[in-house]
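The structure under discussion appears below in the form of structure tokens.
The values are calculated or read from the model by the stated rules, or taken from the named source; none is laboratory data. Just so it is clear, the model here is predicted, and its values are computed rather than measured. Here the Cβ positions follow ideal geometry from the backbone for every residue, glycine too, while neighbour counts run over all protein chains shown.
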Amino acid sequence: MKKLLALLMITAAMAACSKKEEAPKSSAESAMQSAAESAKSAASDAAAAAGKAADAAKEAASGAAADVSAAAEKAKTDADKAMAQAKEATKDAVNSTADKAKDAVNK
């Protein structure tokens, strides 16, 4: 009988101890879950901000590329004009020199 009573007391003590452990564990689990949700929310916000920053950088790069393309096209047009003017000036110089040479020969 004493053994049965001792066994019951031990079982009751173990049940009481396990209930005491569960309460803090539940509270700790709740805190951990709350922290995990906060971290998840912060990560989500950071990912959204990074996405917005990437979009802004992409737009800026696109605008810069368009500006560079326009500048390159203008430079090409200017170079073509300068080349045409140089050809015309060279042609005029050759003709003028040839005319002077003819005049010198004819005198």
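Within region 85-103, can one find any residue that is surrounded by fewer than 10 Cβ atoms within 10 Å (Cβ to Cβ), out of contact with any helix residue (DSSP H, G or I) (no Cβ under 7 Å at 6 or more places or on another chain) and in a helix (DSSP H, G or I)?
yes
For Glu73, state whether it is over 32 Å from the mean Cα position of the chain (by Cα), surrounded by 10 or more Cβ atoms within 10 Å (Cβ to Cβ) and on the phi < 0 side of the Ramachandran plot.
no
Conditions (1) at pLDDT 70 or above; (2) not charged (D, E, K, R), marked per residue:
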| residue | (1), (2) |
| --- | --- |
| Lys20 | no, no |
| Pro24 | no, yes |
| Ser30 | yes, yes |
| Gln33 | yes, yes |
| Ser38 | yes, yes |
| Ala42 | yes, yes |
| Ala48 | yes, yes |
